[in-house]
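Take a look at the following structure, please.
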Amino acid sequence: MKRAVLALPGNAAFAELLAEHLEAAVIPTEFRAFPDQETYVRVDADCTDRVVFLVATLDRPDPKVLPIVFAAAAARSRGARAVVLVAPYLAYMRQDIAFLPGEAITAQVFPQIIGSAVDGLVTMDPHLHRIATLEDVYPVPAVNTHAAPAIAAWVHERVNDPVFVGPDVESTQWVSAVAREIAAPYMALEKVRRGDRDVEVSIPDLAAHRDRTPVIVDDIISTAHTMVHTVRHLRTLGTPAPVCVGVHGVFADDAERALRQAGAAQIVTTNTIAHPTNAIDVSAILAAGCDEVLERVACCTPDRAAT
Ligand code: R5P
């Protein structure tokens, strides 16, 4: 089936990379705001029988959601057989439980909104903690790709004798996958979060790895408090200055500066969210995820496509 890529505002660079891997065209699309701040969208290309991959990374997500819904509808109006959202960073995965009565469990609500607009989802290392798989909450086929091979290759080329450190229990999934790729040791710490900007991380036991360079790996760097606390512990222990790797560099407020001040030797992220720290290109991995999702989107499988 023919494919096309549609970039939501701010996603042109990643969409170009993805389109190259998929050997697809980026379709011209106009987005603008009416004077009253409602959104205008026009897809300026015939999409007949194509699968249209909408590229929209979802950091600072709220203003990005309606344009996705409108772009999906516009692509269908131009004949798209299916519309798949490629969200290199997927938002609203962390509030996966109500800690207090009355809290919205946004990790359940948000997928319903997205799932009502698109036929499939491709993303990278979403924050799966108490939710086992994306398809437990997304009502459409959803492919979870992994940055681990790309991160491992980057570290392997640039850091001698690394020891990987995950700052909390959830990070075990990311840190162990990266460490496994290059047969390096790893450990995961324990974190207590008392508020958005109030976290405590346990002290790592690096007795067996004193001469190795710590590489902290986490899925998200948001306020960077998690990484800052981990870096401070490592500096107190007298290890070489750590390298900080985030799959998704959200960098709220002055997070990057705080992390540098804490003593990070280097801060590196993948290009799921455009940021000066991007050093690891994961577009090829997401493109493979696009191929994979098409095997599961009903209207794209051979039987349905023929009808
Ligand atoms: C949540 O547990 C995630 O894995 C990250 O550790 C968290 O989102 C990082 O947030 P922050 O940078 O605000 O500490």
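As I understand it, the value is the acute angle between the Cα axis of helix 172-181 and the longest principal axis of the Cα atoms of the chain; what does it come to in degrees, rounded to 10?
Taking Cα atoms only, the helix is inclined about 80 degrees.
Still on this structure, I have one more. What does the helix-only formula give at 222 nm for the chain: each DSSP H stretch with n ≥ 4 adding -39500 (n - 2.57), the total divided by the residues, and the result rounded to the nearest 500 deg cm²/dmol? Provide the component values of the computation, followed by the final result.
On the way: 9 runs with 96 residues, N = 307.
-9500 deg cm²/dmol, from helical runs alone.
While we're here: Could you tally the net charge around GLY79, taking each other residue with its Cβ under 12 Å from the Cβ of GLY79, Lys/Arg +1 and Asp/Glu -1? Please list the in-between numbers first.
Values: positive: LYS2, ARG50, ARG76, ARG78, ARG81; negative: ASP46, ASP49.
The answer is +3.
Which one, GLY102, VAL250, PRO185, is farthest towards the positive end of the dipole of the chain when Lys and Arg carry +1 and Asp and Glu -1 on their Cβ?
VAL250
Evaluate the Kirkwood expression for the hydrodynamic radius of the chain, namely the inverse of the mean inverse distance over all pairs of different C-alpha atoms, and round to one decimal in Å.
Taking the inverse mean of 1/r over all distinct Cα pairs, the chain comes out at 20.3 Å.
Within region 76-109, list the trypsin sites (Lys or Arg not before Pro) lying in a DSSP loop whose Cβ has at most 11 other Cβ atoms in a 10 Å radius. Can you show the working numbers first?
On the way: sites: ARG76, ARG78, ARG81, ARG94; in loops: ARG78, ARG81, ARG94.
The qualifying sites: there are none.
Given DSSP loops and a limit of at most 10 other Cβ atoms within 10 Å, what is the longest stretch of the chain that contains no such GluC sites (Glu not before Pro)? Walk me through the numbers before you get to the answer.
Details: sites that count: GLU23, GLU38, GLU103.
Of all site-free stretches, the longest is 104-307.
Further question on the same structure: Taking the convex hull of the Cα atoms, report for region 1-71 its projected area averaged over all directions, in nm². Write out the running numbers ahead of the final one.
On the way: hull surface 19.8 nm².
Value for region 1-71: 4.9 nm².
Another question, then. Sorting LEU237, LEU6 on the 10 Å Cβ count, fewest up front, what's the list?
On the way: LEU237 14, LEU6 29.
Lowest count first: LEU237, LEU6.
Counting Lys +1, Arg +1, Asp -1, Glu -1, what net charge surrounds VAL250 among other residues with beta carbon under 15 Å of its beta carbon? Let's see the in-between values first.
Details: positive: ARG60, LYS64, ARG94, ARG197, ARG257; negative: ASP59, ASP62, ASP125, ASP196, ASP218, ASP219, ASP253, ASP254, GLU256.
So the environment of VAL250 carries a net charge of -4.
If each residue's Cβ is checked for other Cβ atoms within 10 Å, how do ASP281, ASP168 rank with the fewest at the top?
Values: ASP281 14, ASP168 21.
Going from sparsest to densest Cβ surroundings: ASP281, ASP168.
For region 163-221, state the semi-axes of the equivalent ellipsoid (square roots of 5 times the eigenvalues of the alpha-carbon gyration tensor), sorted largest first and rounded to whole angstrom. Let's see the in-between values first.
Values: eigenvalues 88, 37, 13 Å².
In descending order, the three semi-axes are 21, 14, 8 Å.
Also, I was wondering about something else. Using only the C-alpha atoms of region 116-193, find the volume of their convex hull and express it per residue in Å³. If you can, show how the numbers build up before the last one.
Details: hull volume 8.8 nm³, N = 78.
Looking at region 116-193, the number lands at 113 Å³ per residue.
Averaged over every viewing direction, what's the projected area of the C-alpha convex hull for region 18-171? Give it in nm², one decimal, please.
Working: hull surface 49.3 nm².
Its average projected convex-hull area is 12.3 nm².
Can you tell me the mean projection area, over all orientations, of the convex hull of region 168-307's alpha carbons? Units nm², please. Each step should come with its number before you reach the end.
Numbers: hull surface 43.0 nm².
Projected over every direction and averaged, the Cα hull of region 168-307 covers 10.7 nm².
Each reported figure results from applying straightforward, stated rules to the coordinates on display, with no laboratory input. Quantities reported herein were computed from a predicted structural model and do not represent experimental measurements. Here Cβ is always computed from backbone atoms with ideal geometry, including for glycine, and neighbour counts include all displayed protein chains.
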